[in-house]
Amino acid sequence: MKKKLFSAFTVLALAFGLSPAQPASAGVQEITIALWDEVQAPVIQQTIDKFNNLYKSKYKATIVRTPWGEFWNKLDASLPTTKGPDVTWMNVFLPKYVNGKTLEPLDPFIKKDGMKLSQYIPGRVAAFNYGGSQYALPKGMDAVFVAYNKAIFKKYNVTLPKTGWTWEDMVASATQLRAGMDAAKSTEFPIAMELDLQPSYANFLHQDGADFLSLDKKTTLAGSATGLGTIQKVVDLMDNKLMFPYTTLSETKGTDLFISGKAGLVFIGSWKAKVLEESSLGKAKDIGLIQMPKGKLNNASVAGGLGYAMSAKSSNKEGAWKLIKYLTSWGSMSNEASNNIEVPARADAQRAYASSFQNIDAKVILKALKTASPYPHNGLPATLKPLQDSVAVAFSGKSPVSTSVKKGAEDTQKLLDGANK
C-alpha cells in the first residue's frame, strides 16, 4: 500500500512539474511554493534558504517551478488535492480559486499576528481581497513601457524617442527606420511586441478610451468604433512592415527579438527589466527606456502584480503562513528590489529598485506605475476568452478587425452580463 501511495504521489508531483525532493529531517515539516518565473526563482531561492535556516528544526520550504504555459492547468489539477503546493503565486485569477474553495482566507492569521496591511501599497492589498476576505499578501507590481535600441536609431539616423511622444510620432519614427532597413536590405524590424493582453493591446485600448474591461468589470468597449480602431492600428503596424509579422511574434517573444538586436524598439513589461539589464545590449548601454507613446487620451500603462496565497488543502497552514509573511517582509522584498526582479508591493522597499539597475534607467518604470490603471481582468477567464481569441484572429490576418473583434466583444459582453446577474 505504501508503495502504491508513493507512486501516486510521484506521478502527481511530476505532473505538477516537481522533481522528487530530498526528504526533510525527522520532525521537519515540508512546505512547497509554486511559481513560474525562471528569472525570479534564483532570487526567491535566496529568501527560501534564509527561511529554511531560520526554521531549520521545524520547516523546510521548496520551490516548485512550472513554466507559465503549463502553470495554471497544473495548479487546477493539484490545488484541490492534498498533494498541491502549500503556497502559490496568485494574480487576477484569484476569484476563480476562491469560488472553487481552494484558497485559504488569511484573515485569521493576519488578526492573530496583529499584522498591519498598511505596509503594502493599498491597491495591491485590495487586488487580493475578495468578498471581504484577504486571500493573498501582495508581492510586487508591474507596468508596461518602451525600450529602444540606441544603436539602431543611430545607424539609420533616426531621432531617439522623446518624452511626450504620441502614437503618430512612433509611427513616423518606425517609418523612417523601415526605409533605412529596406535600403540596407536588413532583416531588422522597427517594432517588436508581445501580443498578449497586458504587454500590448490592453494598454492601447485604455489609452484610447475603449477599455478591454471597465473598472466595474461589467462592460467591454473593445467592440466600439474606437476600440476597433485601436486594434486596427496594431494590425496596420504589421501590414505596413513597421512591426514583425504575426507569424514571427507568435513563435518568438518580442523581448528576445529586441535583445538580439533585431528590433528598434519593443513594448515590454517591468517583469522583463532584469532581462534588459543583463543583456549584451544593456551592458553596452544601448538600451533607452521611455513611457509608452500617448494614445487619444493618455499614455497610461495597465498594471498588475502578484501575491502569495495559501492552499485550503495544505496540511501545514501555520508553516505556509510563516513562509508567506517571510516572503513579503521588508527584508525579502528589498532583496528582490536590489536584485531588480520586480517592483515591490511595499513602498518602504521600493527605494532599492531603481538604484539596483546600472544599465537601464529604471526610474521610467516607477514613473509608469504612478499613472497606471488596474489590469483589466475579472478573474473569470472564460468570460473574456471570446474577445481575446477574436483579437488573436484579427492580429493573424485571418479575419478583418471589424468582423472578428466586433463579434468577440459581443460574445464576451453576453458572458459578462450573465456573470453579473
Gyration tensor (Cα only) of region 145-209 to equivalent ellipsoid, semi-axes in Å sorted down, yields 24, 14, 10
Give, in nm to one decimal, the length gained when the segment between D216 and K154 is fully stretched (0.36 nm per residue of separation minus the Cα-Cα distance).
-> 17.8 nm
How far is helix 317-327 tilted, in degrees, relative to the longest principal axis of the Cα atoms in the chain, given as a value from 0 to 90 rounded to the nearest 10?
-> 40 degrees
On a 0 to 90 degree scale, rounded to 10, what angle separates helix 225-239 from the longest Cα axis of the chain?
-> 80 degrees
For region 215-291, listing GluC sites (Glu not before Pro) in a DSSP loop whose Cβ sees at most 10 other Cβ atoms within 10 Å gives E251
Region 350-394-region 263-336 distance, computed between alpha-carbon centres (Å) = 9 Å
GNM result for the chain, Cα springs below 10 Å: residue of T219, T88, T403 fluctuating most strongly = T403
Once fully extended, how much extra length lies between V39 and F93, figured as 0.36 nm per residue of separation less the alpha-carbon to alpha-carbon distance?
-> 17.3 nm
Considering Cα pairs under 8 angstrom that are at least six residues apart, work out the relative contact order of the chain and quote it in whole percent.
-> 23 percent
Please work out the C-alpha center-to-center distance from region 34-107 to region 229-260 and express it in whole Å.
-> 33 Å
Region 47-184: D in µm²/s via Stokes-Einstein (Kirkwood Rh, Cα pairs, 20 °C, 1.002 mPa s)?
-> 108 µm²/s
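Rounded, prolate or oblate, given the Cα gyration tensor of region 201-274, with a/c below 1.5 counting as rounded?
Oblate, since a/c reaches 1.5 and b/c is not below a/b.
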Counting pairs of Cα atoms in region 347-397, how many percent are more than 17 Å apart?
-> 61 percent
On each of the three principal axes the extent of the alpha-carbon atoms of region 283-384, given in whole Å and largest first, is 49, 39, 24
Place +1 on the Cβ of every Lys and Arg and -1 on the Cβ of every Asp and Glu in region 220-354, take the dipole about the Cα centre, and give the residue among Y353, I341, S315 whose Cα lies farthest towards its positive end.
-> S315
Subtract the Cα-Cα distance of S133 and S402 from 0.36 nm times their separation in residues, and report this length gain in nm to one decimal.
-> 92.7 nm
So, with points 7 Å from each Cα along the Cβ direction, the E30-A392 label distance in nm works out to 3.5 nm
If one takes the longest principal axis of the Cα atoms in the chain, at what angle in degrees, from 0 to 90 and to the nearest 10, does the Cα axis of helix 167-183 lie?
-> 70 degrees
Once both labels are modelled 7 Å past Cα along the beta-carbon direction, what's the D256-K283 spacing in nm?
-> 2.0 nm
Could you list the residues of region 289-333 with an amide nitrogen less than 15 Å from a label point located 7 Å from the Cα of K112 in the Cα-to-C-beta direction?
-> 310-326
Cα-Cα over 30 Å, subset of K60/K274; K296/K385; K150/K367; K101/K367; K83/K367; K112/K421 | K101/K367; K83/K367; K112/K421
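Need one number: the % of Cα-Cα pairs in region 372-420 sitting beyond the 14 Å mark. Each step should come with its number before you reach the end.
Numbers: 609 of 1176 pairs.
Summing the P(r) tail past 14 Å for region 372-420 gives 52 percent.
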Would you mind giving the average projected area, over all directions, of the Cα convex hull of the chain in nm² with one decimal?
-> 21.7 nm²
Report the paramagnetic label zone for D182: residues of region 211-245 whose backbone N is under 12 Å from a point 7 Å from Cα along the Cα-to-Cβ axis.
-> 240-242
How large is Rg over Rh for region 213-358, taking Rg from the Cα atoms and Rh as the Kirkwood inverse mean of 1/r across Cα pairs?
-> 1.04
Say each of D236 and W68 gets a label point 7 Å from the Cα, pointing the same way as Cα to Cβ; how far apart are those two points in nm?
-> 2.8 nm
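Just so you know, all these numbers are worked out from the coordinates, no wet-lab data involved. Since this is a predicted model, take the numbers as computed values, not measurements. Neighbour counts are summed over all protein chains in view; Cβ atoms, including those assigned to glycine, are modelled from backbone coordinates with ideal geometry.
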